[in-house]
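K.L.:
Let me begin by handing over the structure; questions about it come next.
The values are calculated or read from the model by the stated rules, or taken from the named source; none is laboratory data. Bear in mind that the values here come from a model prediction, so they are computed numbers and not experimental data. Cβ coordinates were reconstructed from backbone atoms using ideal geometry, including for glycine residues, and neighbour counts include every protein chain displayed. These area figures cover heavy atoms from the full protein model, side chains too; ligands, DNA and RNA do not enter into them. Shrake-Rupley method; radii C 1.70, N 1.55, O 1.52, S 1.80 Å.
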Amino acid sequence: MVASPQATPEHEFETQDLLINVGPQHPSTHGVFRMVLTIDGEVVKDVVPYIGYLHRGAEKLCETMDFRQGIGFMDRTEYLAAHNAELSYVMAVEALAGLEVPERAQWIRTILCELNRLSSHFMFLGAFGIDVGVFGTPFIYAWREREAIIDLFEEISGDRMMYAYFRPGGLAWDVPLNFKERVREVLKSTRQGIRDFDELLTQNEIFRARTEGIGYISAEDAIDWGMSGPSIRASGVPLDVRRDEPYLKYAELDFDVIVGENGDVFDRYYCRMLEMHESVKIIEQCLERLQPGLIVPDKMPRMLRAAPGEVYIRTEAPRGEYGIYMVSKGGNRPYRLKVRSACLSNLQALRQMSVDQYIADAIIVLGSIDIVLSEVDR
Amino acid sequence: MKGIAKSLMVTLSTFTRKPVTRDYPNYHRELPERDRAFPLLLWDKEIDEPFCTGCHACERACPVECMTVLMKDNPNHKSNGGDSSRRKIIDKFWIDYARCMRCNICVEVCNFDAIAMNNTWQGHELSVHDRKDLVMDLEQLLVQSHVGAIKEWVPVLGQSNETNE
């Protein structure tokens, strides 16, 4: 057997990068999201995300509908925190139509938005657990806690996910009579649930080994990419619309803005965990100050007409800044509607966070920004 | 190791808690009265005819255009010797449940409280083999209210329940 002439000691072993397609039908992409990973061995060299699989043209649809009809579509742009999505929309309409929202409606809105933040963060904790590899346990525990909150939403608005409960000017109808007791009951189980998760995941050595130091992004880069919400706060930027530009009743409430230090996956997880404690705190304060009163303004016009003009309203949704840019030329429908979704902006930093990580960690990085694809594509 | 032991304690402690799951197909939990499944039409038991006059208000307000309404002269009207005060009455009514997005707007715009969201389990368990079967006609929309199978809840819009609190 003659030795091959190439097999000399000086010969360099040639390697080739491998393209791996993840999604769009893949459980760890949290929906229909596709990313093409270029991997060298097990190390990710490049990420090319593809979005648009869930595009339904909600913005354009809303331009053909009057303000009340649009609410249902706003629900569907962010189905895990529909109250927060509705809130931005109705606040934009109120700003254009010059409606003053009564006190009681504002308190109830605050409570519902914070409850929705809790339910959305529970969903994150559960799904993130699956991404990390703790299959089942956290997911089912999260579902258990989320179920209590969603049952409450069903008693109030009648629907479990697409509430269509906020209206320009206030609320569609009043909360049930036992609202306060029911919220307190839910908060009790929620507090227990958060404690469970804290013990289940935060101190767990395997979980920490999997998440610490992964998917780092610096504060400067996070700002440059336009991230918001818990994802940017984990990098140490104290950016919270609730405190910076208080809307609803947040100016009168006492709560902390949770800020992380390291900007890694663990911090993004832990920020959300601590934020849930703050949400519980906020709801408790709201319940004490909730008074009987009107839920829509006294002089509510029968046909809602907006003044010509444009407005940008931003609120703090669970995933970050949810903004509505609305242009009106008068009449009962928006001339142009643009949704600024937190997920889309957070997703931009995906490449920077996952390059030079292991392929298994790329999934965790994607999970840690808590994407909801309906919000990305709208 | 301490952290893992702690995590295991959490899972262990759930053994002592009551189960939260329900044996669904065998057991149906009670739905709240505000529960919104799909819209259906209500039956006026006093005069024994539907409340709906076919005024097209819901059809026009529906964001997804899932309704089709046709009206006719009411044969039971007083001018014809009947006992109804409705001059016009619903002739044909279709709602495409597959299109409906359950936004409650049809209930809100109705001037006669003739339409309500189904708040029973029948409204949720709608599996069919063909999408065409989800287009409900007048008879299907009225039958539940006619036999008294639903407890009606028509929202009192924009009115606060402060007096009761």
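K.L.:
I'd like to verify a number: residues in segment A:202-213 that are assigned to a helix (DSSP H, G or I) and more than 9 Å from every other protein chain (Cβ to nearest Cβ), how many?
P.N.:
Total satisfying the criteria: 3.
K.L.:
Another question, then. Considering segment A:139-153 alone, what residues qualify as being within 21 Å of residue A:278 (Cα to Cα) and not charged (D, E, K, R)?
P.N.:
Hits for segment A:139-153 are A:141, A:142, A:143, A:148, A:149, A:150, A:152, A:153.
K.L.:
What single numbered condition from (1) open to solvent by less than 50 Å² (accessible area, probe 1.4 Å); (2) within 15 Å of residue A:270 (Cβ to Cβ); (3) more than 14 Å from chain B (Cβ to nearest Cβ); (4) in contact with a Gly (Cβ under 6 Å, 6 or more places away or on another chain) fails to hold for residue A:216?
P.N.:
(1)
K.L.:
Can you tell me which residue is nearest to residue A:250 (Cα to Cα) among those in segment A:98-119 that are open to solvent by 10 Å² or more (accessible area, probe 1.4 Å) and aliphatic (A, V, I, L, M)?
P.N.:
So, considering only residues that are open to solvent by 10 Å² or more (accessible area, probe 1.4 Å) and aliphatic (A, V, I, L, M), the one nearest to residue A:250 (Cα to Cα) is A:101.
K.L.:
Could you go through segment A:137-157 and let me know if any residue there is among the hydroxyl-bearing types (Ser, Thr, Tyr), closer than 24 Å to residue A:87 by Cβ and more than 9 Å from every other protein chain (Cβ to nearest Cβ).
P.N.:
no
K.L.:
Right, something else. Taking residue A:74 as the residue in question, decide whether it is farther than 30 Å from residue B:13 by Cα, hydrophobic (A, V, I, L, M, F, W, C) and either assigned to a helix (DSSP H, G or I) or open to solvent by less than 20 Å² (accessible area, probe 1.4 Å) (or both).
P.N.:
Yes: the conditions hold for residue A:74.
K.L.:
In segment B:91-100, which residues are under 12 Å from the mean Cα position of the chain (by Cα) and not in a strand (DSSP E or B)?
P.N.:
Those that are under 12 Å from the mean Cα position of the chain (by Cα) and not in a strand (DSSP E or B): B:97, B:100.
K.L.:
So, in segment A:74-101, exactly how many residues are of a type outside the set (Val, Ile, Thr) and within 17 Å of the chain's Cα centre (by Cα)?
P.N.:
Total satisfying the criteria: 15.
K.L.:
Next question, about the same structure. Of the residues in segment A:170-201, how many are more than 8 Å from chain B (Cβ to nearest Cβ) and over 21 Å from residue B:32 (Cβ atoms)?
P.N.:
So the answer is 7.
K.L.:
May I ask you to list the residues in segment A:221-234 that are open to solvent by less than 10 Å² (accessible area, probe 1.4 Å) and assigned to a loop (DSSP other than H, G, I, E, B)?
P.N.:
Selection gives A:227, A:228, A:229, A:234.
K.L.:
Quick one: count up the residues across segment A:333-363 that are within 20 Å of residue A:233 (Cα to Cα), surrounded by fewer than 24 Cβ atoms within 10 Å (Cβ to Cβ) and among the aliphatic types (A, V, I, L, M).
P.N.:
4
K.L.:
Please indicate, with yes or no, whether at least one residue in segment B:73-86 is within 17 Å of the chain's Cα centre (by Cα) and not in a helix (DSSP H, G or I).
P.N.:
For segment B:73-86, residues within 17 Å of the chain's Cα centre (by Cα) and not in a helix (DSSP H, G or I): absent.
K.L.:
Moving on. In this structure, does residue A:257 turn out to be open to solvent by less than 60 Å² (accessible area, probe 1.4 Å), away from chain B (no Cβ under 14 Å), in contact with a Pro (Cβ under 9 Å, 6 or more places away or on another chain) and not in a helix (DSSP H, G or I)?
P.N.:
Answer is yes for this residue.
K.L.:
Give segment B:1-38 a look and list any residue that's more than 7 Å from chain A (Cβ to nearest Cβ), in a helix (DSSP H, G or I) and among the β-branched types (Val, Ile, Thr), or say none.
P.N.:
Those that are more than 7 Å from chain A (Cβ to nearest Cβ), in a helix (DSSP H, G or I) and among the β-branched types (Val, Ile, Thr): B:14, B:16.
K.L.:
Please determine, by comparing only the residues of segment B:105-127 that are in a loop (DSSP other than H, G, I, E, B) and out of contact with any Phe, Trp or Tyr (no Cβ under 9 Å at 6 or more places or on another chain), which one is surrounded by the most Cβ atoms within 10 Å (Cβ to Cβ).
P.N.:
B:120
K.L.:
I'd like to know if segment A:133-140 contains one or more residues that are within 30 Å of residue A:300 (Cα to Cα) and either outside any helix (DSSP H, G or I) or open to solvent by less than 20 Å² (accessible area, probe 1.4 Å) (or both).
P.N.:
no
K.L.:
Related question: Looking at A:316, A:321, A:310 in this structure, which one is in contact with a helix residue (DSSP H, G or I) (Cβ under 9 Å, 6 or more places away or on another chain), assigned to a strand (DSSP E or B), open to solvent by 30 Å² or more (accessible area, probe 1.4 Å) and of a type in the set (Asp, Glu)?
P.N.:
Exactly one of A:316, A:321, A:310 is in contact with a helix residue (DSSP H, G or I) (Cβ under 9 Å, 6 or more places away or on another chain), assigned to a strand (DSSP E or B), open to solvent by 30 Å² or more (accessible area, probe 1.4 Å) and of a type in the set (Asp, Glu), namely A:310.
K.L.:
Show the residue pairs that are 6+ apart or on different chains and have beta-carbon atoms under 7 Å apart, the first residue being within segment A:63-92 and away from chain B (no Cβ under 12 Å) and closer than 23 Å to residue A:370 by Cβ, the second being in a helix (DSSP H, G or I) and open to solvent by 20 Å² or more (accessible area, probe 1.4 Å).
P.N.:
A:80/A:123
K.L.:
With assigned to a helix (DSSP H, G or I) and among the charged types (D, E, K, R) as the only criterion, which of A:281, A:299 stands out?
P.N.:
A:281 is the lone residue from the list that is assigned to a helix (DSSP H, G or I) and among the charged types (D, E, K, R).
K.L.:
Among the residues in segment A:351-365, are any over 30 Å from residue B:111 (Cβ atoms), touching a Gly at 6+ places or on another chain (Cβ under 8 Å) and of a type in the set (Phe, Trp, Tyr)?
P.N.:
There is no residue in segment A:351-365 that is over 30 Å from residue B:111 (Cβ atoms), touching a Gly at 6+ places or on another chain (Cβ under 8 Å) and of a type in the set (Phe, Trp, Tyr).
K.L.:
Is it true that some residue in segment B:43-56 is in contact with a helix residue (DSSP H, G or I) (Cβ under 8 Å, 6 or more places away or on another chain) and over 30 Å from residue A:199 (Cβ atoms)?
P.N.:
yes
K.L.:
List every residue pair whose Cβ atoms lie under 7 Å apart, where the two residues are 6 or more positions apart in sequence or sit on different chains, the first residue falls within segment A:105-118 and is basic (Lys, Arg), and the second residue, located anywhere, is open to solvent by less than 10 Å² (accessible area, probe 1.4 Å).
P.N.:
Short answer, once both residue conditions are applied: A:109/A:87; A:109/A:166; A:117/A:81; A:117/A:279; A:117/A:318.
K.L.:
Okay, moving on. Restricting attention to segment A:18-29, and to residues there that are more than 15 Å from residue A:354 (Cβ to Cβ) and not in a strand (DSSP E or B), which single residue is most open to solvent (accessible area, probe 1.4 Å)?
P.N.:
A:27
K.L.:
Looking for whichever is within 30 Å of residue A:178 (Cα to Cα), within 17 Å of the chain's Cα centre (by Cα) and within 14 Å of chain A (Cβ to nearest Cβ) here; the options are B:59, B:108. Which one fits?
P.N.:
The conditions single out B:108.
K.L.:
Another one. With the requirement that a residue be of a type in the set (Phe, Trp, Tyr) and assigned to a loop (DSSP other than H, G, I, E, B), what does segment A:30-68 give you?
P.N.:
Within segment A:30-68, A:33, A:53 meet the criteria.
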